[in-house]
Amino acid sequence: MKPQFSTKCLLAILLVMLVSVTARSQALKSLTATAKGQGNINVSDIDKHQISSLMVILKENGEAEFTFYADLQLSAQGTWSVANSLSKGIDIKITGGVVGDNAKGSGKLFLRSDGKSIDRLTFSATSDDGSKITIKFVADKS
């Protein structure tokens, strides 16, 4: 009976190791995605733009680029990281762009369950002139 127990134990350990390796290999390394949807850009509650689509580029080196398509095209740059799980969102730090390449702030990007499609994005930033910028975007469900 002991050989059967140790064999079962060894198989269980191997299965756990295989699942761990598989989960780690599915971690997000980079992403380029676009989405149509609805959102808005508010600059100090004075200047408002409706967002119709969004492009996100997350690079392997941790850099991020965002392009917002409204009645004009705005962009932002920053960094990204994933804490424990994609289900808790991707942490975004804004380090430039939006208004005169000088915005600083943070936010979250959420992907759909496929891990490749944009679900929603929110962030707040402040420019050097003190303008507060908020962006909220929700992708269409199509």
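The values are calculated or read from the model by the stated rules, or taken from the named source; none is laboratory data. In this text, all values refer to a predicted model and were calculated from it rather than measured experimentally. A quick note on method: Cβ atoms are made from the backbone with ideal geometry, for glycine too, and the neighbour counts reach across all protein chains shown.
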Looking at region 43-58, I want the residues that are β-branched (V, I, T) and have a partner that is modelled with pLDDT under 85 with Cβ atoms under 7 Å, at least 6 apart or on another chain. Which pairs are those? V43/V99
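Of everything in region 59-93, what is among the β-branched types (V, I, T) and free of Cβ contacts under 8 Å to residues at least 60 places away in the same chain? Give them in sequence order. Talk me through it step by step, then tell me what you get.
The initial filter retains those residues of region 59-93 that are among the β-branched types (V, I, T), namely 67, 79, 82, 90, 92.
Selection gives T67, T79, V82, I92.
Being buried (at least 17 other Cβ atoms within 10 Å of the Cβ) and among the hydroxyl-bearing types (S, T, Y) is the requirement here; does S127 meet it? Steps first, answer last, please.
Values: buried (at least 17 other Cβ atoms within 10 Å of the Cβ): yes; among the hydroxyl-bearing types (S, T, Y): yes.
Yes: the conditions hold for S127.
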Select from region 29-70 the residues that are surrounded by 13 or more Cβ atoms within 10 Å (Cβ to Cβ) and basic (K, R) and write down the one among them that is farthest from S127 (Cα to Cα). K36
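Which strands (runs of 3 or more DSSP E) sit wholly inside region 75-142 and have at least 1 residues that are at pLDDT 95 or above and closer than 19 Å to K59 by Cα?
Strands (runs of 3 or more DSSP E) meeting the threshold: 90-97, 104-111, 118-126.
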